[in-house]
Amino acid sequence: MSGVFRWSESMSLRWRLTLIIMISSLVAMTVAMGVFIYFDSSYFRDSLRKELGVNATIASSQVEAALLFDDAREANKILQGYGAAPHILRIVIYDAVGSVFALYHPPHLIDLAAPRHESLQMGINETERGYAYVRPIEVEGERIGWIYLESDQTELKRRQQWYIPALAGMALIFSLTGFLFSFRLQEAVSGSIGALAQLARQVSREQDYHLRAEGNYSHEIGDLYASFNAMLSQIESQNERLARHADDLARTVELRTAELKEVNENLKRELEDRRAAEESLRESERKINIALKQAVSATQVKDKFVSLVSHDLRSPLAGVLGMVEILRDETTYRLSPAERMTSLAKIHGSLSSQLELINRLLDISRLQSGNIEIHKRFLEGRPLVMSQFERVEMFAQRKGIHLVNDVPADTRLLADPILYAEVIYNLVNNSVKFCAAGDTIRVYLPDDRPHTLAVSDTGPGIAAPFAPNLFRHDIRTTGRGSAGETGTGLGLPYCHDIMRAHGGALTVKSQEGEGATFYVTLPTSRMSVLVVEDIPLHRTLIARLVEMIGDIEVREAEDGVEALERLKEYRPDLIVTDLLLPRMDGYAFIERIRSNPQYDDIPIIVVSGGGEGEEAEVDGHMRERVFTLGANDFVSKPLTPDDFIPRARRFLHPV
Amino acid sequence: MMRLVALAALSVSLLAPMAAEEPVSALQLKAAFLYKFTIFLEWPEAAFADSKSPIVIGVLGDKELAAATAETVLRREVRGRSFQVRSYMWEEDIEPDVHLLYLSPGADHGEFIGRLPKARAKAPHAFLVSDGEESVLRGAHLAFTLRNDRLQFLINLEAATAANIRISSKLLRLATIVDAMGERR
């Protein structure tokens, strides 16, 4: 039994309960069956003893006289009378010394001899075919013999033999029924305990103490559930208390840490501030020193320049003054009308060169003081050179100089249109001045220098000592032209300044007697367009269209907020924006751009709407509103290259 | 009964058999029969003075049988009654309280016939036993006969009934019943 329970320890509660119920019912059933069999067989023996006893008594009394008078024949006759009695198998009468006196058995059982009296026991004897009853025959207190009466109980015996298989069969049926019942019944117990066990596992696995055992049970299971739930509640409330405590602790620590951090931060910031202050102090000091030096050197340059220029300014004035005095004093100098005209022409020439000088001075001054800003546009190189040639054409023709424009038709230059043209003009003009008849002035793109326009001539070249100082304001390098032309000497420095203002350069390559080549180099920077559009496909389309215009950098933003961020990083040459944008729409974005003096001159093209009828009306309203806000153009969707490119090019590429 | 005595060793399981030391003689067998008859006979109440009165067996004209019978019934009882055995020489001596009377036929059968009425008169309740078929026909209730060397008996049921003595059917089964006319049943 304990073995079974040890073995069952590895089983689930459900199976153990089933096993216990089944074992109990099997044991109870076996006991009941045993008791039944015991009582059944003892009752059977009792009734058999009674039945056989009665039969034996009657038979004995019938044969006693025959036995007493030794009449075996009559005794046998009497026994024959019992042959009709059911189940009688044998009747044997023994005499007083145990010899067989009379015998009866059914006629068909001829093999049945009388058992030897030595083997008999008084009372019930079990025999091969049934039971036999043995009792003495007594008359008046004297034993005169024995009677042996055997009853055929084959059927009964067979029935008894069936008890074992019947018991086994019933045990099987009971077991099955018991199993089914117990399987159902134990669920009432194991189901609830199983659910509790599962919950306990879940709680321990998930550490979730909010879980509760649910179920309406009474008695022990109910108590178990209630206790388990109470335990969970306790753990939960303890956990909460711990957590609250931990939270408090964490908050306190956090608070202290934050305070410490703040103190640290403050200290650090103070330190940094101090360091920065010292740094900026040093920086300003340095700047001041540099500025001082620059100022000193600039002053020196200016002084030289002024002394140079003042001579140029005074000399013509002195000449003019002398001429005017001669013309005024008619009495002293009697001038012929021809002489008068010559003098006036001289005065005109002097004043003209004076005016030129002053203009140039003003230009230089403006350029240096930053009053002139560079506004880059895409320029077509070939027409630009052509128009500069036109300015000196007559002059050149007169001197017999060839002008050759070798700039390709598709050349695009990103430069300030006015100032850049001025540089080209100056260089060409300079060459015309120094070249003689038969010389050629050629403008072209040199293969070995990118972004560069070369102005080359076959003139006298530049004397080596002059070359390094050609672009200096404070050293006069000019000389008289091939036809005796004079110059201010300020042209090349001015051009040099313009190209530096572009971020480019002006250099010269020359050898005396072998002509000179000036290289006008522009920086590599490209024009830039900012496209503000929230739909990626539209953004890409606009970018493609812009890139068809030329080598233009395109940056993108999804809405006004992002576009403003981009503007902090760089300055685009054109903004193309949609109106319907997330976060900050096109209207607000245009308003912001136009209200900021830093950006208010960046051209804006609005790309939006599009449609007919009512939508066209809406389109019209939008158009009106964006122009009021300060947009430069409005392009309706859908965009087409034919429509968009010329409009955009206007701002990138003025005609 | 001879075999009974002759056999010796008895089984342990068959308890207390009838003891017998020596072969049973014809006399002893007859004495035993006389005793055994009383077991199957029933007398009227008037035959006994009281419930304790003994059964009286009278033997007329055979002292040896009387002695053998006395020996047989010694310390025996039937239905709570002990026995008295009386030996008579003359029929005039027969006492009225005799319950079973054996009449020896003697050498002369005629003498016996003559004694029978007297004996019946002397002992009115007596069950009359004698030898030979003739005696039954003449008024004896039971007569011994020897057939095939076996001691058997004839019973005159009519006469016994007339004497108000009831004979058990068990005994009757063993006997040959004859009536006054000599017919057998």
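The values are calculated or read from the model by the stated rules, or taken from the named source; none is laboratory data. Fair warning: this is a prediction, and the values are worked out from it, not measured in the lab. Backbone-built Cβ (ideal geometry, glycine too); neighbour counts: all protein chains shown. For the accessible areas, the whole protein counts, side chains as well, though only heavy atoms, and no ligand, DNA or RNA atoms are used. Shrake-Rupley method; radii C 1.70, N 1.55, O 1.52, S 1.80 Å.
At-a-glance table
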item	result
Heavy-atom accessible area, 1.4 Å probe, ligands and nucleic acids excluded: residues of segment A:56-73 down by at least 20 Å² from chain alone	A:Ser61, A:Gln62, A:Glu64, A:Ala65, A:Leu68, A:Phe69, A:Asp70, A:Asp71
Within the accessible area of segment A:12-178 (1.4 Å probe), percent carbon and sulfur	62
Accessible surface of segment A:527-652, 1.4 Å probe, proportion on carbon and sulfur as whole %	49
Karplus-derived 3J(HN,Hα), 6.51/-1.76/1.60, for each residue of segment A:259-268, Hz, glycine and proline x	4, 4, 4, 4, 4, 4, 4, 4, 4, 4
Scattering profile of segment A:376-521 at q = 0.14 Å⁻¹ [log10 I(q)/I(0), Debye over alpha-carbon scatterers]	-0.61
Sparse-neighbourhood loop sites, trypsin sites (Lys or Arg not before Pro) in segment A:554-595 - DSSP loop, at most 16 other Cβ within 10 angstrom	A:Arg583
Theoretical gain in end-to-end length, A:Leu249 to A:Trp162 [0.36 nm per residue, Cα-Cα removed]	23.1 nm
Exposure of A:Leu17 as accessible area (Å², to 10), given a probe of 1.4 Å and all protein chains	40
Cβ-Cβ FRET estimate between A:Asp448 and A:Ser365, R0 fixed at 30 Å, reported to 0.05	0.25
C-alpha long axis of helix A:560-569 to longest principal axis of chain A, angle in °	60
Relative contact order, percent, chain A [alpha-carbon distance under 8 Å, six or more residues apart]	7
Estimated Rh, segment A:12-178: Kirkwood, alpha-carbon pairs, angstrom	18.4
Neighbour net charge for A:Leu211 - beta-carbon separation under 12 angstrom, K R +1, D E -1	-1
Heavy-atom surface of segment B:26-177, accessible at 1.4 Å and reported per residue (Å²)	45
Label-point gap, in nm, between A:Glu283 and A:Ile235 - each point 7 angstrom along Cα→Cβ	6.3
Rg/Rh ratio calculated on Cα atoms of the protein assembly as shown (Kirkwood radius)	1.82
Å³ per residue enclosed by the Cα convex hull of segment A:218-268	37
Solvent exposure of segment A:12-178 as accessible area per residue, Å², 1.4 Å probe	50
Protein-only accessible surface order, largest first, of B:Lys122, B:Lys52, A:Lys287 at 1.4 Å	B:Lys52, A:Lys287, B:Lys122
Residue-by-residue Karplus 3J(HN,Hα) for segment B:83-94, coefficients 6.51, -1.76, 1.60, Hz, glycine and proline x	10, 10, 10, 10, 9, 10, 8, 10, 5, 5, 7, 4
Point-charge dipole on Cβ atoms (K/R +1, D/E -1) for segment A:249-372, about Cα centre, debye to 20	180
Projected-area average for segment A:377-427 over all orientations - Cα convex hull basis, square nanometres	3.4
For segment A:249-372: accessible area per residue (Å², 1.4 Å)	79
Inter-site label distance for A:Leu580 and B:Lys63 at 7 Å from Cα along Cβ, in nm	17.1
CD proxy at 222 nm, helix term only [per DSSP H run n ≥ 4: -39500 (n - 2.57); per residue of the protein assembly as shown; nearest 500]	-17500 deg cm²/dmol
Residues in segment A:106-140 that, when all protein chains are in place, have 10 Å² or more less accessible area than the chain alone would give (probe 1.4 Å)	A:His117, A:Glu118, A:Leu120, A:Met122, A:Val139, A:Glu140
DSSP bridge pairs, segment A:346-445: antiparallel proportion in percent, nearest 5	50
Along principal axes, Cα extents of segment B:26-177, largest first, whole Å	37, 34, 30
Cut-off under 5 Å, modelled amide H: who pairs with B:Ser104 long-range	B:Leu60
Using a Förster distance of 30 Å, the FRET efficiency for B:Asp93-B:Thr176 (Cβ separation, nearest 0.05)	0.45
Near-label residues of segment A:184-203 by backbone N, under 19 Å of a point 7 Å along Cα→Cβ of A:Ile23	A:184-187, A:189-190
A:Glu325 - accessible surface, heavy atoms, 1.4 Å probe, Å² rounded to 10	110
√(5λ) per eigenvalue of the Cα gyration tensor, segment A:31-96, largest first, Å	34, 11, 8
Estimated Rh, segment A:249-372: Kirkwood, alpha-carbon pairs, angstrom	21.2
Summed buried accessible surface, chains B and A, 1.4 Å probe, nearest 100 Å²	2600
Net charge, A:Lys287 excluded, C-beta distance under 14 Å - Lys, Arg +1, Asp, Glu -1	0
Relative contact order for segment A:376-521, counting Cα pairs under 8 Å that sit 6 or more residues apart, in percent	24
Local net charge near A:Thr18, Cβ-Cβ under 13 Å (Lys/Arg +1, Asp/Glu -1)	+2
For a label point 7 Å along the Cα-to-beta-carbon line of A:Ser595, residues of segment A:561-582 with backbone N under 17 Å	A:561-565
Out-of-range pairs (alpha-carbon distance over 31 Å; input A:Lys77/B:Lys63; A:Lys157/B:Lys170; A:Lys304/A:Lys346)	A:Lys77/B:Lys63; A:Lys157/B:Lys170
Accessible surface of segment B:26-177, 1.4 Å probe, proportion on carbon and sulfur as whole %	50
